[in-house]
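Worksheet: the structure to be examined is printed underneath.
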Amino acid sequence: MASYLVTGSSRGLGLALIARLATLPKTEVGTIIATARQDNSAQLKEIANASSGRVQIVTLEVTDESSVKEAVAAVELQLQGKGLDYLVNNAGVLDWSPKGLEGMDNLNETFNVNVTAPHLVSRAFLPLLHKGEKKTIINISTTLGSIARADVYRSMPSPAYKITKAALNMLTVQYAQQYAEDGFTVLAITPGWLRTELGTDRADLPVEIGAEKVLDIIQKATPEQNGKFLNIDVPGWHVREGPNQYDGKEVPW
């Protein structure tokens with residue numbers, strides 16, 4: 001029974017991941033830690049209440065080191081001496097800057113949430129991850145953070161998002177390299193353009209499909225994949241017109 005912790009679980013992909021995990025057999029998924037800045041998500045509470053104690057909600061402001069330390073202590077109690085198997089750094093923010101770089105006035109704020117916070121959280125939970133069997137860290141990234149594909153997304157007016165997700169990808173590689181000898185698997189995964197509050201209802205995929213396909217990658221992840229940037233695999237989306245294809249392959253950096 002593997003244990004999971006997902007940041008940013010009050011909405012969007014994070015909420016969908018928790019909902020999906022809660023439906024999986026207890027033989028596969030044990031303790032599920034859903035973290036969020038505030039304990040005010042009715043949907044998350046409903047999932048937790050129906051989970052027979054499997055889903056535990058922990059308050060976590062990912063940019064606040066004190067909050068991160070308090071969350072580690074709370075999670076340690078929930079795990080009752082066991083380690084943490086999977087950490088999913090999902091919390092993130094998306095900027096919109098119609099004027100492009102001239103209007104980009106939130107780079108520091110975006111960087112704190114999308115890059116510094118995953119580092120703070122990963123570093124703080126390393127002792128529990130070392131005790132876990134799977135030792136897996138997942139950073140939710142995006143193809144918009146691919147430098148090789150920058151021209152494909154030239155028209156997207158979200159420069160801070162692109163810049164910080166590219167930095168998150170490098171953070172992923174740094175963790176992968178440093179902890180490879182300890183048996184860790186550290187991956188960046190792009191979940192696709194999903195119909196969430198951030199993705200809007202014009203997006204390619206229902207958030208439930210994104211969550212299902214992300215978990216497919218997570219649960220099949222091996223140390224041999226350490227340091228990879230992976231795309232979800234959605235039948236019918238391997239070859240499509242437009243910028244987005246979901247073929248399950250590695251994404252170019």
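Summary table below
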quantity: Residue 82-residue 155 pseudo-label distance in nm [points 7 Å out on the Cα-to-Cβ vector]; calculated: 4.9 nm
quantity: Relative contact order (percent, whole number), the chain, Cα cutoff 8 Å, 6+ residue spacing; calculated: 17 percent
quantity: Nitroxide proxy distance, nm - points 7 Å out along Cα→Cβ at residue 241 and residue 130; calculated: 5.5 nm
quantity: Length added when fully stretched, residue 170-residue 65, from 0.36 nm per residue minus Cα-Cα; calculated: 35.6 nm
quantity: Protection proxy ranking, peptides 219-225, 204-210, average beta carbon neighbours within 10 Å, highest first; calculated: 204-210, 219-225
quantity: Whole-Å distance, taken between Cα centres, linking segment 70-112 and segment 139-184; calculated: 14 Å
quantity: Cα centre as origin, Lys/Arg/Asp/Glu Cβ charges: the chain dipole, Debye; calculated: 240 debye
quantity: Efficiency of FRET from Cβ geometry, residue 219 and residue 148, R₀ 30 Å, rounded to 0.05; calculated: 0.65
quantity: Residue 1 paired with residue 233, simple spin-label distance in nm, labels 7 Å along Cα-to-beta-carbon; calculated: 2.9 nm
quantity: Neighbour net charge for residue 52 - beta-carbon separation under 15 angstrom, K R +1, D E -1; calculated: +2
quantity: Computed lengthening from residue 27 to residue 42, 0.36 nm per intervening residue step minus Cα-Cα distance; calculated: 2.7 nm
quantity: 10 Å beta-carbon shell around residue 146, net charge (K/R +1, D/E -1); calculated: +3
quantity: Gyration tensor verdict on segment 123-253 (Cα atoms; rounded if a/c is under 1.5, prolate if a/b is larger than b/c, oblate otherwise); calculated: prolate
quantity: Under 12 Å, Cβ to Cβ, from residue 97 - net charge with Lys/Arg +1 and Asp/Glu -1; calculated: -1
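Every number in this text was worked out from the coordinates using simple rules, so none of it is lab data. Owing to the predicted nature of the structure, the values given are computational and were not obtained by experimental measurement. Because the Cβ atoms are built from the backbone with ideal geometry, glycine has one as well, and the counts that use them run over all protein chains shown.
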